[in-house]
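**Student:** The following block contains the structure, expressed as structure tokens.
The values are calculated or read from the model by the stated rules, or taken from the named source; none is laboratory data. Since we're looking at a predicted model, the values are computed, not measured. Neighbour counts run over all protein chains shown; Cβ positions are idealised from the backbone, glycine included. Surface accessibility is based on the protein's heavy atoms, side chains included, excluding ligands, DNA and RNA. Shrake-Rupley method; radii C 1.70, N 1.55, O 1.52, S 1.80 Å.
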Amino acid sequence: MTRTKNTTVCVAGGGPAGAMLGLLLARSGVDVVVLEKHADFHRDFRGDTVHPATLQILDEIGLVDRFHELPHQKVPTIGVVQDGRRIDIADFRRLRVRYPYMAFVPQWDFLDLITAEAARYPAFRLMMRTEAVDVLRDGGRVVGVRARGPEGELDIRSTVVVAADGRHSAIRRAVGVTPRLIGRSLDVIFFRISRRDTDPDEGICVRIGNGKIFGATDRRTYWQMSYETTAGGMAKVIAAGLDAFRADLAAMVPFLADRVHEVASYEDLSLLEARIDRLDRWHQPGLLFIGDAAHAMSPVAGFGVNLAVQDAVATANALVAPLLRAQRTGAAFDHSRLAAIQRRRRLATALSQGLQRATQRFGIDDALNGSGQPPAPKLFEKLAPAQWLMSRIIGLGFRPEHVRTPAASPAQTEGTRG
Ligand SMILES: Cc1cc2nc3c(=O)[nH]c(=O)nc-3n(C[C@H](O)[C@H](O)[C@H](O)COP(=O)(O)OP(=O)(O)OC[C@H]3O[C@@H](n4cnc5c(N)ncnc54)[C@H](O)[C@@H]3O)c2cc1C
């Protein structure tokens, strides 16, 4: 028999968008259940860049000191190496912000921090190994989620459902909506190479040359490497063979030449297909899409995690007051409020995706088709304002959000869940 639970908000997906929304709602006293289909957050090669705007949000909710206690690296610049010369395309130290750097933190540590903080509030409930499989409807309105967990099927009835279940959203499928494809021409192959103390201290650096792009992110004990290629590029890597891949790596990142054998088999390479897409409509009565479920991002500029967090903040800012009213008095929730979140976030999202496409078109594609060196990075050397602008766009985004929701003490936020 299917069990039933009641809550005010059911969030499908415990990624950056869902976890942050769960915390913000619970800390204001809104009853929330977050469903996460995996048993933990421990998955490799997830977006792990935390930008100055997100650090500011962590500051606003009193979490920034605990965040800085996590193993992390502060990266103040983003550079491109072309013709053997490094060009900084962003330098966050030029911004007037409290945290003038990008912090690299394994995403699982970030999500553990957010969900542990949320768990202090009785209004929060995180259900791991619980997968949203369908929505519940009443007439034309979504009134909850059907989920499958360790104890079988469960119906979670809620005033609002938030789909934060990522780029392959099950909720999107359940309600029959498809995002518009905006760009799909990049595959990213991730792998690791060990780090030695004698290696250069270079934070994050992208190397471009001979039709190849290798990215290296310093993770202190290892290098998180990425190899950018056109869509379907993994087949080309396999056709050329691992020796050719290792030789390209040694040529492009010479200080790793003595360790390229660490890429021992194709199993050491993880393919992630980058895709940029967006829903035309992020809401229906009773249902809201945020994060990648509303707009999948490519890895370019590391916008994804940060936009997901900004969506969560905007959602909480807009919905906490009416949801608390509905929860406390039984007053009807005005579903037209869900449209306000798309209105607020859509332009910033579209501009970020536009920048990702432009970078692809004027930087990555030129570099990959081997038609010489892309001209774009050199612009940043010649035009000082371009570097400032890029630092601002990457660091703060097009519309930074600030937390406006009240924080109740955990003891004050007794849940009402049934
Ligand atoms: C190759 C690649 C590299 C990237 N690198 C970066 C980077 O360095 N920095 C950056 O900012 N962004 C990066 N991004 C983008 C970034 O990963 C996403 O934009 C961001 O994670 C979106 O957050 P989200 O919470 O919306 O979705 P997700 O992070 O996808 O989280 C969704 C969560 O929902 C869970 N879930 C899925 N389906 C269900 C279901 N049916 N029921 C319950 N739970 C479910 C998933 O397990 C997951 O935990 C990268 C993207 C790609 C493709």
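**Student:** Does any residue of region 123-136 turn out to be crowded, with 17+ Cβ neighbours inside 10 Å, away from the ligand (no atom under 11 Å from the Cβ) and not hydrophobic (A, V, I, L, M, F, W, C)?
**Tutor:** Yes, the conditions are met somewhere in region 123-136.
**Student:** May I pose another question? I need every pair where a residue in region 154-180 that is of a type in the set (Asp, Glu) has its Cβ under 7 Å from the Cβ of a residue that is assigned to a helix (DSSP H, G or I) and crowded, with 19+ Cβ neighbours inside 10 Å, sequence separation at least 6 or different chains.
**Tutor:** As it stands, the answer is 165/171; 165/293, since those pairs meet every condition given.
**Student:** Additional query: Would you pick out the residues in region 87-111 that are touching a Phe, Trp or Tyr at 6+ places or on another chain (Cβ under 6 Å), open to solvent by 20 Å² or more (accessible area, probe 1.4 Å) and not aliphatic (A, V, I, L, M)?
**Tutor:** 94, 100, 101, 108
**Student:** Same structure, new question: I'm trying to understand the selection: among the residues of region 263-273, which are open to solvent by 10 Å² or more (accessible area, probe 1.4 Å) and in contact with a strand residue (DSSP E or B) (Cβ under 6 Å, 6 or more places away or on another chain)?
**Tutor:** Passing the criteria: 268, 269, 270, 271, 272, 273.
**Student:** Report yes if residue 135 is of a type in the set (A, V, I, L, M), modelled with pLDDT under 95 and on the phi < 0 side of the Ramachandran plot, otherwise no.
**Tutor:** Taking the combined requirement at face value, the residue does not satisfy it.
**Student:** Then there's this: So which residues in region 101-139 are within 19 Å of residue 152 (Cβ to Cβ) and not acidic (Asp, Glu), if there are any at all?
**Tutor:** 125, 126, 127, 128, 129, 130, 132, 133, 135, 136
**Student:** Of all residues in region 1-45, which are crowded, with 18+ Cβ neighbours inside 10 Å and more than 30 Å from residue 329 (Cα to Cα)?
**Tutor:** Listed by number, the residues that qualify are 15, 16, 37, 41.
**Student:** Looking only at helices (runs of 4 or more DSSP H) that fall completely inside region 310-402, which ones have 1 or more residues that are within 16 Å of the ligand (Cβ to nearest atom), open to solvent by 40 Å² or more (accessible area, probe 1.4 Å) and without any contact (Cβ under 8 Å) to a residue 60 or more places away in the chain?
**Tutor:** Ranges flagged: 338-359.
**Student:** A follow-up question, please. Of the conditions (1) away from the ligand (no atom under 13 Å from the Cβ); (2) more than 22 Å from residue 24 (Cβ to Cβ); (3) among the polar types (S, T, N, Q), residue 270 clears all except one; give me its number.
**Tutor:** Against the list (1) away from the ligand (no atom under 13 Å from the Cβ); (2) more than 22 Å from residue 24 (Cβ to Cβ); (3) among the polar types (S, T, N, Q), residue 270 comes up short only on (1).
**Student:** Look through 256, 249, 287 and report the one residue that is in contact (Cβ under 8 Å) with a residue 24 or more places away in the chain, open to solvent by less than 10 Å² (accessible area, probe 1.4 Å), within 16 Å of the ligand (Cβ to nearest atom) and over 25 Å from residue 355 (Cα atoms).
**Tutor:** 287
**Student:** Now for a separate question. Condition test on residue 120, is it open to solvent by 20 Å² or more (accessible area, probe 1.4 Å) and more than 12 Å from the ligand (Cβ to nearest atom)?
**Tutor:** Yes.
**Student:** At positive phi and without any contact (Cβ under 8 Å) to a residue 40 or more places away in the chain - does that describe any residue in region 32-52?
**Tutor:** No: zero hits.
**Student:** Something else: Restricting to region 245-280, count the residues that are part of a helix (DSSP H, G or I) and among the charged types (D, E, K, R).
**Tutor:** 7
**Student:** Can you tell me which residues in region 281-309 are over 19 Å from residue 182 (Cα atoms) and part of a helix (DSSP H, G or I)?
**Tutor:** Of everything in region 281-309, those that are over 19 Å from residue 182 (Cα atoms) and part of a helix (DSSP H, G or I) turn out to be 306, 309.
**Student:** Right, residue 51: farther than 20 Å from residue 145 by Cα and modelled with pLDDT of 95 or more or not?
**Tutor:** yes
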